[in-house]
Amino acid sequence: LFSAASAINATIFAAARLLAILARMKQVPVWLMKKSESGLPRRAIIVIGIAGGFFAVASSIEQIVSFASLTFLFVFSVVNFLFARSTTKLRSKAVAYTASALLLCALLTASTWMYLYRAEEFHTAIGIAILLVLARIWFIFGAKTETPN
């Protein structure tokens, strides 16, 4: 129990620091980079804590793990694809494109399986993804003009 709490705490603080960096880069609302006297990005910590609490209460651990797994496959596939586009080494390019394609196949397979056999988890994952896309759109078009206090 203490290990799990410690891992959650570390994840919240690491994600909050990343969110504060993204706010400084104006990729998310800049009010998220407001720091406490001790230098912690308190607004980002609060937002992540509330979001995490909401997902913990509103969904099951299976739904959260399913979303995390699908997200990992997608992000890792995109990272491999972008690396393949940026490298000049032909062997590295081939390996990265192959890895990206295999990861996309795994994502499609996992998504299809979830849709057929665990529809509730699939719909939750899709709902979370839609919320994240809408949040990103809001960040891009509405939140960049805000300034921290």
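Structural remarks
- Dimensionless Rg ratio for segment 1-58, taking C-alpha atoms and the 2.2 N^0.38 Å reference: 1.16
- Kirkwood-Stokes translational diffusion coefficient of segment 60-139, alpha-carbon pairs, 4 °C, 1.567 mPa s, µm²/s: 94
- Whether segment 23-95 is rounded, prolate or oblate, judged on the alpha carbon gyration tensor where a/c under 1.5 counts as rounded: oblate
- Among Thr124, Ala16, Leu82 the positive-end extreme of the charge dipole of the chain (Cβ point charges): Leu82
- Modelled FRET efficiency - R0 25 Å, Leu132 with Glu37, Cβ distances, 0.05 increments: 0.20
- Along each principal axis, Cα extent of the chain, largest first, Å: 48, 41, 35
- Helix-only arithmetic for the chain: the sum of -39500 (n - 2.57) across DSSP H runs with n ≥ 4, divided by the residue total, places the mean residue ellipticity at 222 nm at -27000 deg cm²/dmol.
- Estimated at 0.36 nm per residue, the fully extended path between Ala56 and Ser3 surpasses their Cα-Cα distance by 17.3 nm.
- Here segment 16-50 and segment 111-134 have alpha carbon centers that stand 28 Å from each other.
Bear in mind these aren't lab numbers, they're just calculated from the coordinates by the rules spelled out. Computed from a predicted model, the values in this text were never measured in an experiment. Because the Cβ atoms are built from the backbone with ideal geometry, glycine has one as well, and the counts that use them run over all protein chains shown.
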